[in-house]
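Trainee: Quick one: the structure is below, questions incoming.
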Amino acid sequence: MTLGEAVIAKHLGQDDLSAIRVAFNQYGFDIADKEEDKLVVKIHSHLCKYLNMAVTKERKQHPRLPAYLPELMHCNYNYLSKIFSDVTGVTIEKYYTRLKTEKAKELIVQRELCLADIALHLGYRSQQTFRTRFRKETGVSPDEYKLQPVSKKIQGKKLLRNILNKPDLITNKSEEALKPILIILL
């Protein structure tokens, strides 16, 4: 299982797919079986890579989002934005802001950077702008968030095995897959 994708080593029937869909829906995930959904998964994956570039590279070397996605996906940004908005109900920019907030949460929990450095790494003009955006997205300040317990993450591979009760069904070798299943966070 990788970001946005689980590889299934054998063909699944409708009952298996329905069971997977129901179980993943409980955790806010869904199966991307339409072309538009698959495009959204790719956009999400590229947005995550873009965010990691933003955190690890100099801001001056970091291309703007409307230039970055079309270059990688060979599509017009307006087209990508429309499909993304139609499928997810939010704009690419709003979704990217949410990703930045999730990255901020991760960096806050790691406690390796001060809030001013987190704000700088995530591309905010000031620590105050970061604090305001964080509160708007989460309902709490970054300082209040530090005091909250860390939630457990879902391990998708284990979850999928439990759903199907067939541990031999999943492989990490995508060339063995008969039908890949893409998972998107809604």
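Trainee: Of all residues being among the aromatic types (Phe, Trp, Tyr) and not in a helix (DSSP H, G or I) in region 7-51, which is least open to solvent (accessible area, probe 1.4 Å)? Just the residue, please.
Mentor: Top of the filtered list is PHE29.
Trainee: A further question follows. Taking only pairs six or more apart or across chains, which ones have beta-carbon atoms under 6 Å, a first residue in region 117-141 that is more than 14 Å from LEU99 (Cα to Cα), and a second residue that is open to solvent by 70 Å² or more (accessible area, probe 1.4 Å) and of a type in the set (D, E, K, R)?
Mentor: As it stands, the answer is SER141/ARG135, since those pairs meet every condition given.
Trainee: Right, another one. Out of THR97, THR88, I need the residue that is touching a residue at least 24 places away in the same chain (Cβ under 8 Å), within 23 Å of LYS146 (Cα to Cα) and among the hydroxyl-bearing types (Ser, Thr, Tyr). Which one?
Mentor: The unique qualifying residue is THR97.
Trainee: Also, I was wondering about something else. Quick one: how many residues across region 25-84 are out of contact with any helix residue (DSSP H, G or I) (no Cβ under 7 Å at 6 or more places or on another chain) and closer than 22 Å to LEU107 by Cα?
Mentor: Residues flagged as out of contact with any helix residue (DSSP H, G or I) (no Cβ under 7 Å at 6 or more places or on another chain) and closer than 22 Å to LEU107 by Cα within region 25-84 amount to 12.
Trainee: Separate question: I want to confirm something. Restricting to region 90-133 and keeping residues that are among the small types (Gly, Ala, Ser) and either modelled with pLDDT under 90 or assigned to a helix (DSSP H, G or I) (or both), which single residue is nearest to the chain's Cα centre (by Cα)?
Mentor: ALA104
Trainee: Could you list, in sequence order, the residues of region 73-88 that are under 13 Å from ASP37 (Cβ atoms) and open to solvent by 30 Å² or more (accessible area, probe 1.4 Å)?
Mentor: Matches in region 73-88: ASP86, VAL87, THR88.
The values are calculated or read from the model by the stated rules, or taken from the named source; none is laboratory data. This structure is a prediction, so every number in the text was calculated from the model and none was measured. So basically every Cβ, Gly included, is an ideal-geometry build from the backbone, and we count neighbours across all protein chains shown. SASA here: full protein model, heavy atoms, side chains in, ligands and nucleic acids out. Shrake-Rupley method; radii C 1.70, N 1.55, O 1.52, S 1.80 Å.
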